[in-house]
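This report concerns only the one structure given below.
A short reminder: the numbers here are calculations on the coordinates, not readings from a lab. Note that the structure is predicted; figures quoted are calculated from it, not measured. When we count neighbours, we look across all protein chains shown, and the Cβ atoms used for this are built from the backbone with ideal geometry, even at glycine.
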Amino acid sequence: MKSVKTFIVILCLLPAFQALQAQSLDQLIKDWERAKAYTKEYLDVMPESGYSLKPTPEMRSFAEQMLHLTEANYGFASAASGQKNPINFGELEKATDKSKANVTRLVMEGYDFVIGSLKNVDPKTLPETIKMFDRFEMTKEAAFHKCFEHQTHHRGQTTVYLRLAGAKPPQEKLF
């Protein structure tokens, strides 16, 4: 009898849980759309000459930082959504055309891939566990959050690049 009551409670709570998952997915999409717009402001404010800027010789250039975060966006979103990754690992950061126009195009396409992946994922699958980089187990939702954290980290690093190039970083976009 106790297991029947438990089953009934679960059935009653299931729609509420699914609604929360859908809300969580909607918020993720909004956050990624905001991140795309914010990153575009970084790309726009950096002068063309700053795309090759490296604060120190061993660091990535501004263009390489942006392409690195884009490669990770593709990798995480592909793993979390099950969609085929349209790029090969290492392909973007090693691109020969690191002009402002090309880097901006590539980075925006990467954000579109993440946002499109989120829009196509079934919210009920977000709690499913996946393996990232053949060693980290996490839920699909956690993978999208880790991806967001990664792009935020690398975009934040480029604030110094903007200052070194004499550009003013965009105003933060928390909402």
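Summary table
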item: Label assignment, Rg and Dmax of the Cα atoms in Å derived from the structure, set [x] 15.9, 57; [y] 19.2, 73; [z] 16.1, 50; result: [y]
item: 222 nm mean residue ellipticity, helices alone, for the chain (DSSP H n ≥ 4; -39,500 (n - 2.57); rounded to 500); result: -22500 deg cm²/dmol
item: Sequence of 96, 158 once ranked by neighbouring C-beta atoms within 10 Å, starting from the fewest; result: 96, 158
item: Eligible lysines near residue 119 by straight Cα distance, threshold 30 Å, same-chain separation 8 or greater; result: 30, 36, 40, 84, 94, 98, 100, 131, 140, 146, 173
item: Segment 2-164, relative contact order in percent, only Cα pairs under 8 angstrom and at least six apart counted; result: 31
